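Student: Take a look at the following structure, please.
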Amino acid sequence: MFVRLLPVIFADLLFAAHILRFNGILPALLIVLLIPTLFIKKPWILLSWQVLTGVAIIEWIRTTVMFVQFRLAMHLPYVRLMIIMGVVILFNLFILFWLRSSKTRSFYESKEE
């Protein structure tokens, strides 16, 4: 299951790096410290990670809009920025659907204690 969760871990680390740049070390550290919870076999953990991924997607969209507006106002190129941020947003959407897949759900809904 660890290999199956690697994309989720990567997305979380990417989001933590973004948060580190704009919000400081404590919020970023909190996001990184959530990674071990991925290995707790409880349905609410899966739901929590889906919510976190949704929040990350909203933050990526907000940041993209903010940066593009800034670049447009300063008459700077913005297409490459939109492509890169679009890929990041699509990757996070992929993670959201990855977390909703039947194999991932079966891991968190298993009755093993």
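Student: Restricting to region 71-97, name every residue that is in a helix (DSSP H, G or I) and either of a type in the set (Asp, Glu) or over 23 Å from the mean Cα position of the chain (by Cα) (or both). Please lay out each step first, then the result.
Tutor: Within region 71-97, the subset in a helix (DSSP H, G or I) is 71-73, 79-97.
Across region 71-97, the qualifying residues are 71, 72, 73.
Student: Counting only residues that are more than 17 Å from residue 93 (Cα to Cα), surrounded by fewer than 14 Cβ atoms within 10 Å (Cβ to Cβ) and without any contact (Cβ under 8 Å) to a residue 40 or more places away in the chain, how many does region 1-20 have?
Tutor: Total meeting the criteria: 3.
Student: Would you check which residues across region 30-54 are more than 18 Å from residue 105 (Cα to Cα) and surrounded by 13 or more Cβ atoms within 10 Å (Cβ to Cβ) and list them? Steps first, answer last, please.
Tutor: In the first step, residues of region 30-54 are kept if they are more than 18 Å from residue 105 (Cα to Cα); the result is 30-34.
Result: 31, 32, 34.
Student: Among the residues of region 1-24, which ones are of a type outside the set (Gly, Ala, Ser), under 17 Å from residue 59 (Cβ atoms) and touching a helix residue (DSSP H, G or I) at 6+ places or on another chain (Cβ under 9 Å)?
Tutor: Scanning region 1-24 gives 8, 10, 12, 13, 14, 15, 18, 19, 20, 21, 22.
Student: What are the residue pairs meeting all of these: first residue in region 78-105, first residue closer than 20 Å to residue 15 by Cα, second residue buried (at least 17 other Cβ atoms within 10 Å of the Cβ) and among the acidic types (Asp, Glu), Cβ atoms under 9 Å, and 6 or more apart or on different chains?
Tutor: 95/12
Student: Go through (1) more than 18 Å from the chain's Cα centre (by Cα); (2) surrounded by 13 or more Cβ atoms within 10 Å (Cβ to Cβ); (3) at pLDDT below 95; (4) not basic (Lys, Arg) one by one and return the number of the condition residue 102 breaks.
Tutor: (2)
Student: Can you tell me how many residues in region 65-89 are touching a helix residue (DSSP H, G or I) at 6+ places or on another chain (Cβ under 7 Å) and within 25 Å of residue 35 (Cα to Cα)?
Tutor: 3
Student: In region 98-108, is there at least one residue being of a type in the set (A, V, I, L, M), within 16 Å of residue 2 (Cα to Cα), in a helix (DSSP H, G or I) and in contact with a helix residue (DSSP H, G or I) (Cβ under 9 Å, 6 or more places away or on another chain)?
Tutor: yes
Student: Another question, if that's okay. Check region 57-70 and report whether any residue there is free of Cβ contacts under 8 Å to residues at least 12 places away in the same chain and either on the phi > 0 side of the Ramachandran plot or surrounded by 13 or more Cβ atoms within 10 Å (Cβ to Cβ) (or both).
Tutor: Within region 57-70, not a single residue is free of Cβ contacts under 8 Å to residues at least 12 places away in the same chain and either on the phi > 0 side of the Ramachandran plot or surrounded by 13 or more Cβ atoms within 10 Å (Cβ to Cβ) (or both).
Student: Looking only at region 24-33, how many residues end up being part of a loop (DSSP other than H, G, I, E, B) and at pLDDT 95 or above? Write out each step before concluding.
Tutor: Within region 24-33, the first condition is being part of a loop (DSSP other than H, G, I, E, B), and the residues that meet it are 24.
If we keep only those that are at pLDDT 95 or above as well, we get none.
Final tally of qualifying residues: 0.
The values are calculated or read from the model by the stated rules, or taken from the named source; none is laboratory data. The structure displayed is predicted, hence computed values, not measured ones. For neighbour counting, all protein chains shown are included, and Cβ atoms are generated from backbone atoms with ideal geometry for every residue, glycine included.
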